[in-house]
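Worksheet for the structure shown next.
The values are calculated or read from the model by the stated rules, or taken from the named source; none is laboratory data. Since we're looking at a predicted model, the values are computed, not measured. We place every Cβ from the backbone using ideal geometry, glycine too, and count neighbours over all the protein chains shown. Heavy atoms of the whole protein, side chains included, go into the accessibility calculation; ligands, DNA and RNA do not. Shrake-Rupley method; radii C 1.70, N 1.55, O 1.52, S 1.80 Å.
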Amino acid sequence: MDLNALLKQMTREEKIGQLIQLSADFFGNSTELTGPAQSWGLSVKQLSTIGTCIGGADAASIRKIQEEHLKIDRNKIPLIFMRDIIHGYRTIYPIGLGLVGSFDPELVGECTEMAAKEAAAGGLHLTFAPMVDLVRDARWGRVMESCGEDPLLASTMGAAQVKAFQGDDISSRDHLAACVKHFAAYGAGESGRDYNSVEISERTLRQFYLPSYKACIDAGVKMLMPSFNDMNGIPSTANPFLMQQVLRDEWGYDGAVISDWAAVKELIKHGVAADLKEAARLAFENGCHIEMLSDAYYKHLSELIDDGVISEEALDDAVMHVLRLKDELGLFEDPFHQADDARGRDMYLSPEHRAIARKASAESAVLLKNDGVLPFSEKIKKIAIVGPFATEKAIIGPWSALGKIEESVSIAEGVRNLLPDVKIRTSRGCGYLYDDTDLSGFADAIDAAKYSDAVIVCVGEPQHYSGEGNSRGTLCLPGVQEAFVKKITSVNKNCAVVVFSGRPLALTDIYDAAPSILQAWFPGSEGGNAIAELLFGRSNPCGKLAMTFPKTVGQCPIYYNRMLTGRPKKTPDGVYQPFSSGYLDCGSLPLFYFGEGLSYTTFEYQSMTLDSHELDESGSIKVTVSLKNTGERSGKEVVQLYLRDEASSAVRPIQELIAFKKVSLEAGEAVDVTFEITEPMLRFWNAQNEYISEAGRFTLFVGYADHRYIEDSFTLIK
Ligand code: BGC
């Protein structure tokens, strides 16, 4: 398509229309306008100019909207259809925070490709994913969408998603364009409150928060979304430091930018724009090409051009970003992008797609504690499945696109599928909401637990306690669930506690009572099957935490790569000592660490050898880690390599993950895992805010967080 020629024939009104995104309910009827369209006061002619659409139920309805649109658009420019495909389209796999704990970028890619195929068949062209906001505070409800607390993990998994969504060619029928979000530091909102202000130093921003967005850009992401929050007083949508200096000048990003939902108009509520016209100017000047669902551009861009505040060239440039994306998607040739509900129906929840989701659920679950009760024997005759999640099917998680709760598998169904002959007794026992104080169901659940050979206690927080807008001020199991767990575990010790949640919960109060704890997250459509297989040993847990679990909410924000203080805790168990950094009442250490997760087998780290103890700027050190499966089952282990800079011009973290590899070992098998260390891996934002490495000694270890299995050191020579 000759985009320049197309642009030339467009009127100003038509150009501005390309920069406006409306929801699907605005479209669909080219003669009579109702609902939201009317409230905006759009004429049919104005509607005909709109560039992009959020939503659309399926291929048929999206095709219909597109057809109608092309009938009325004088220039015959197709709409782009966008939506949030976060962890599956119809076949739902685990929430992001769980999935990245697989530490398996290929698996993340496989799930993402599945989502892309399904969503593309359903008519979508672009997904508002990946979400790679670094997260350190479990109170924030959106940690569930994220790629965790570590910059390397988030970068690796963000890039894996971009590549899998987009493939080599976004015009192909099985791929979508991706949109990285929310730029930047949306996860650092004060007090873990959604949309809240972020106060952050430039060093912390650059060192920890920016790499994951940059990794997605390097992976070729087609679109970027600024975050709702203000950062150091400037909302991202209108933040020249972020949107110009970092994004365009330093990183050279030249893709499209879309505002978050109504974020342009919200510049008024932030108090940085006096009115809608100023909001339009601020966002546009900062390179926000498309305005999602507010009316600042539509009402004021033209006027701003007349005033000479915005140039015609700048308008053309913004429009070209949208047209180029349409061209790359192949929409001028096929405005429907081969959308096809029949193709979709063949895929949605097909055995192949369910198998991918099931594998992902299994690899995301994290075994946090096991006193030896797990795996359960398949020879048991009677099992009690109790608690508010025992038969709950709402375990697919928030942001589940077209996923249907009724199409998921509950734990009780999963156990039934796996062991058809076992006698199952289910009992809800109690509720799971903050204000659920009803203890009347306890007796039945206790009875079930008492007279069974094994018990699965299924607890957690309901789906709507996490996700957008859903921050929590406490992190305990809501309602009376802690008392419930204690009661049940006191009557039957052959007991597994399975926790469903969209965030790390403070499980301190149930830790001692629970003989075993499996963190299931929101595991998706196949959750119940995957968990049953894990509990009975058909598969072996291998997930690791992608986010630290605090002992109590008062420790938040808490993360493994904390800075070294001048007064660190003085005892290895983090117990408070006078005049050291910690808490009187809960110590300084979390309950579970980033990178932690048990297996039914045991792994022994036998040695770590470095082929040199000196590194120069052009060289590399080969690190060989010898690992053995010393247990009686096959299993997977994530070998995590951490670094600590022993002295640097600015304070650095106590440890930083610099590489990881997941390996699969048969019982008794040993393997050598190798890593290469080069100078760029040692760089950081130093005291002068330069991204460089500094000569000196570095400590390396394998393990996780404060658990150092083997340690060695080397010197960087400059
Ligand atoms: C969210 C975005 C999302 C957008 C469109 C907003 O409220 O912050 O993450 O992409 O809605 O659904």
Anything in the range 440-473 that is closer than 29 Å to Trp140 by Cα and either open to solvent by 60 Å² or more (accessible area, probe 1.4 Å) or of a type in the set (Gly, Ala, Ser) (or both)? List them, or say none.
Gly460, His464, Ser466, Gly467, Glu468, Gly469, Ser471, Gly473
Can you list residue pairs whose Cβ atoms sit under 6 Å apart, with the first residue in the range 450-476 being charged (D, E, K, R) and the second being open to solvent by less than 60 Å² (accessible area, probe 1.4 Å) and more than 16 Å from the ligand (Cβ to nearest atom)? Count only pairs 6 or more apart in sequence or on different chains.
Lys450/Val491; Asp453/Ile380; Glu461/Pro478; Glu461/Ser501; Arg472/Arg139
Pull up the range 373-419, narrow it to residues that are closer than 22 Å to Glu118 by Cα and among the aliphatic types (A, V, I, L, M), then point me to the one that is farthest from the chain's Cα centre (by Cα).
Val409
Within the range 579-588, the residues that are surrounded by fewer than 21 Cβ atoms within 10 Å (Cβ to Cβ) and either closer than 17 Å to Asp509 by Cα or hydroxyl-bearing (Ser, Thr, Tyr) (or both) are Ser580, Ser581, Tyr583, Asp585, Cys586, Gly587
In the range 166-183, the residues that are in contact (Cβ under 8 Å) with a residue 60 or more places away in the chain and within 16 Å of the ligand (Cβ to nearest atom):
Leu176, Ala177, Cys179, Lys181, His182, Phe183
Of the conditions (1) touching a Gly at 6+ places or on another chain (Cβ under 9 Å); (2) over 30 Å from Asp260 (Cβ atoms), Trp521 fails just one. Which one is it?
(2)
When only residues in the range 184-229 that are of a type in the set (Asp, Glu) and touching a residue at least 24 places away in the same chain (Cβ under 8 Å) count, which is farthest from the ligand (Cβ to nearest atom)?
Glu202
Please pick out the residue among Ala129, Ala116, Ala121 that is within 16 Å of the ligand (Cβ to nearest atom), crowded, with 24+ Cβ neighbours inside 10 Å and not polar (S, T, N, Q).
Ala129
Selected residue (criterion: nearest to the ligand (Cβ to nearest atom)) from residues of the range 79-110 that are under 26 Å from Pro335 (Cα atoms) and under 13 Å from the mean Cα position of the chain (by Cα):
Asp84
Please go through the range 222-249 and give me each residue that is small (Gly, Ala, Ser) and either within 21 Å of the chain's Cα centre (by Cα) or open to solvent by 50 Å² or more (accessible area, probe 1.4 Å) (or both), ordered by number.
Ser227, Ser236
Boolean, Ala263 is within 15 Å of the ligand (Cβ to nearest atom), crowded, with 21+ Cβ neighbours inside 10 Å, at negative phi and free of Cβ contacts under 8 Å to residues at least 40 places away in the same chain
yes
